[in-house]
1. With the condition kept exactly as written, say whether any residue in the stretch 319-336 is under 24 Å from residue 145 (Cα atoms) and at pLDDT below 95.
2. Collect the residues in the stretch 291-324 that are in contact with a strand residue (DSSP E or B) (Cβ under 7 Å, 6 or more places away or on another chain), in contact (Cβ under 8 Å) with a residue 24 or more places away in the chain and under 22 Å from residue 228 (Cβ atoms), keeping them in residue-number order.
3. Quick check: anything in the stretch 287-299 open to solvent by 10 Å² or more (accessible area, probe 1.4 Å), within 12 Å of the ligand (Cβ to nearest atom), under 17 Å from the mean Cα position of the chain (by Cα) and under 23 Å from residue 204 (Cα atoms)?
4. Only one of 203, 176 is touching a residue at least 60 places away in the same chain (Cβ under 8 Å), crowded, with 20+ Cβ neighbours inside 10 Å and within 13 Å of the ligand (Cβ to nearest atom). Can you tell me which?
5. Kindly indicate the residue of the stretch 304-316 that is modelled with pLDDT of 95 or more and within 16 Å of the ligand (Cβ to nearest atom) and also most open to solvent (accessible area, probe 1.4 Å) among those meeting that condition.
6. Residue 137 is checked against (1) in the same structural domain as residue 91 (by TED's automatic domain parsing); (2) small (Gly, Ala, Ser); (3) over 18 Å from the mean Cα position of the chain (by Cα) and fails just one. What number does that condition carry?
7. Pick out the one residue from 95, 113, 130 that is surrounded by 15 or more Cβ atoms within 10 Å (Cβ to Cβ) and closer than 22 Å to residue 288 by Cβ.
8. One residue is enough: does the stretch 218-234 have a residue meeting the conditions under 29 Å from residue 140 (Cα atoms) and not hydrophobic (A, V, I, L, M, F, W, C)?
Amino acid sequence: MHNQTLENPVRTMHVKTIEWLDDSNKVRLIEQTKLPQELEYIETDDYQVMCDAIRRLAVRGAPAIGCAGAYGVAIGALSVRDNDFGVFRAELGRIMDELRATRPTAVNLFWAINRMEKVLDQYHDVNLAIDALIQESKTIQEEDIAMCRKIGEHGASLLSDGMTVLTHCNAGSLATGGMGTALAPMYVAKEQGKNVKVFADETRPLLQGARLTSWELMANGVDVTLICDNMAAIVMRKGWVDAVIVGSDRIACNGDVANKIGTFTVAVLANRFGIPFYVAAPTSTVDPNVATGDDIPIEERASEEVAGFGSCRVGPESVKTYNPAFDVTPHDLVAAIITEQGIHKPPYDFSFLK
Ligand code: MRU
């Protein structure tokens, strides 16, 4: 573990949420549960540490989870190196299933692991397979970096100087291998000299907006105002929001969008106030096997997250809770879906990605 105290956020563009270390064949990732108080890194060659990091949200955000899953397969392959390819293949298959079981909603996790499995199945030699798997995991992150930039460029074309964007959860550089999805348009707009401001919803229960989005926007010099989730209506009512941009964990073929719990509420409000509601995500977030949002599995998390606030218990002991981590925004509330391919407008039909 490496610690860095963050009295002053580092003014560096786009922290590296996750990366492969060639020297040691390890993965280095930011321990996001400690932000913004501490910038701490986990360095590991243990796939179980990676599984745990995904479950605990030490690494989170759909594209970043995809990269973590791919790197998890690579370090898993190194750890089960066996002279017998059959033994190696069977053990790595079990590891891939363990990685797949960490979180159910972000399709990028399954997309990345399936892609690694396809590479594995081209080999019958353990050492050649390991080299190819390491290379593929790095390629997945390189592609993610390029996709984020493209999303940023397409998204920035929707933003003009002086606009204010509201976002929910964290879909920035902390949530991807690159510069982010929903925050990428603001970063590119800033590069283009446009003055774009952001309202960040705090995003209960785990406060990704308060802890992560506001931290990374400040670190990158973007004007951000943090609000509680229940304040979105008043800032919209006052005419202070020109557009909403959020990320996604899984998009159905018909354009229904799963994202962090509370996104649907924001979309309904945006509709009420006539504010365009945009979704920014790579095409790896589209699930071509899912026709509508009804078929997207929604993760339910521990009761303590709702009954507590940070490390402080606030609800009565043994109070009943309900804690879905995501909701689905129906496609009719989505003005456009920004991918690396461009700006998709309704009616949505992503079945061409099959
Ligand atoms: O539970 P999390 O923090 O992994 O949820 C993340 C989100 O909902 C993001 O908006 C989504 O993954 C898009 S990240 C580019």
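1. no
2. 323, 324
3. Yes, some residue in the stretch 287-299 is open to solvent by 10 Å² or more (accessible area, probe 1.4 Å), within 12 Å of the ligand (Cβ to nearest atom), under 17 Å from the mean Cα position of the chain (by Cα) and under 23 Å from residue 204 (Cα atoms).
4. 176
5. Among those residues, the one meeting the criterion is 304.
6. Unmet condition: (3).
7. 113 is the lone residue from the list that is surrounded by 15 or more Cβ atoms within 10 Å (Cβ to Cβ) and closer than 22 Å to residue 288 by Cβ.
8. yes
The values are calculated or read from the model by the stated rules, or taken from the named source; none is laboratory data. Note that the structure is a prediction, hence the values are computed from the model and not measured. Please note: Cβ atoms are built from the backbone with ideal geometry, for glycine as well, and neighbour counts cover all protein chains shown. We work out accessible area using only protein heavy atoms, side chains counted, and drop any ligands, DNA or RNA first. Shrake-Rupley method; radii C 1.70, N 1.55, O 1.52, S 1.80 Å.
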